[in-house]
1. Build a GNM of the chain with springs between Cα atoms under 10 Å: which of Thr136, Thr95, Thr82 gets the top mean-square fluctuation?
2. Going from the alpha-carbon gyration tensor of segment 132-203, what semi-axes, largest first and in whole Å, does one get by taking the root of 5 times each eigenvalue?
3. What full-extension length gain, to one decimal in nm, is calculated for Lys166 and Arg34 as 0.36 nm per residue of separation minus the Cα-Cα distance?
4. If you look at just the Cα atoms of the chain, how large are its Rg and its Dmax in Å?
5. What pairs from Lys163/Lys232; Lys159/Lys232; Lys166/Lys220 go past 18 Å between their alpha carbons?
6. Under 29 Å between alpha carbons: how many lysine pairs meet that in segment 5-98, if sequence neighbours fewer than 8 apart on the same chain are excluded?
7. Among Ile54, Ile109, Ile76, which one moves the most in a GNM of the chain with springs linking Cα atoms closer than 10 Å?
8. Calculate how steeply helix 151-181 sits against the longest principal axis of the alpha-carbon atoms of the chain, using the helix alpha-carbon long axis, and give the answer as 0 to 90 degrees to the nearest 10.
Amino acid sequence: MDNISLNKHISGQFNAELEDIRNRVLAMGGLVERQLEQSLDALSSLDSNLAKKIIEGDHRVNGMEVSIDEECARIIAKRQPTASDLRLIITTTKTITDLERIGDACVRIAKSALEKRTNNQQPLLVSIESMGRHATRTLHSTLDALARMDADAALEIHKEDVKLDKEYEGIIRQLMTYMMEDPRSIPGVLDVLWAARAIERVGDRCKNICEYIIYYVKGKDVRHTSYEDMEKDVQS
C-alpha cells in the first residue's frame, strides 16, 4: 500500500509515532479483512472448524483496538496535536472502532456456520454469498482508500453502499417468502437473516470509514450529509 503524506515535524519521534499508529490501523484492517473472507468461506461450506477459529480469534481484533486507542490517547496527552495531526488521531480512533465492529460481524457470520442445517436451508446460504463477496470487495477498497487517504475513492465507495443495501432488501424479501411458505423453516431462516444483517452492517461500517477519510483530507465533517453535499466538499 502506498504511503500517505504526513506532516513533517521537528521531532522525528513524533513522525515515527504517527507513522506507527497508521501502520497498526492498516494491520488491523488486514486482519479484519481476512476474518471476513474466512467467515464467508465457513458459512458457504458450513466448516465448523474454520468458524470456531474465527470466533476464537476475535480477541486479536479487540486487542488491537485497545492498544491503538491507548497509543492515540498517549500521543494527544504528550504531543497535543493540532490541525491535520489531530484529525489523523481522530480519524484513527473512529476507524478502529468501526473495524472492531466489522470483526464482531464476522463472528456473527461464523456463528451461523455452526448451526445445524437441513437440505432445504442450504439455498438460503447460497443466496447471501454474492452479497458477502460484495461486502468483501467494499472493505478491501475502503482499506485501500484509507492507506492512500484518497478522498475521491472514499466518495465513490460511499456511493456504492446503496447497491449493497438493495441486495440486502432483496434477501429479506426472499427469506420472508421462505418463512411464509414453510413455518418450520423460521428458526433456520432467522439465523440466516442475522448473518445477512451482519454483512449489511459491514457496508455501513465501510461508509463510516470513508467519511473519516474525507474528514482527514478535507477537514470537513460529512456525516449525516447528502451525497451531493459530500461530493461538493470533496471537490472543493
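Read-outs throughout are calculated quantities, based only on the coordinates presented, and are distinct from any laboratory measurement. Please read all numbers here as calculations on a predicted model, not as lab measurements. FYI the Cβ positions are ideal-geometry reconstructions off the backbone, even for glycines, and counts take in every protein chain you see.
1. The residue that fluctuates most here is Thr82.
2. Output for segment 132-203: semi-axes of 32, 11, 6 Å.
3. My answer for the length gained is 45.0 nm.
4. 19.5, 69
5. In this structure, Lys163/Lys232; Lys166/Lys220 exceed 18 Å between Cα atoms.
6. Taking segment 5-98 as the scope, the lysine pair count is 5.
7. Of Ile54, Ile109, Ile76, the most mobile in the Gaussian network model is Ile76.
8. Taking Cα atoms only, the helix is inclined about 20 degrees.
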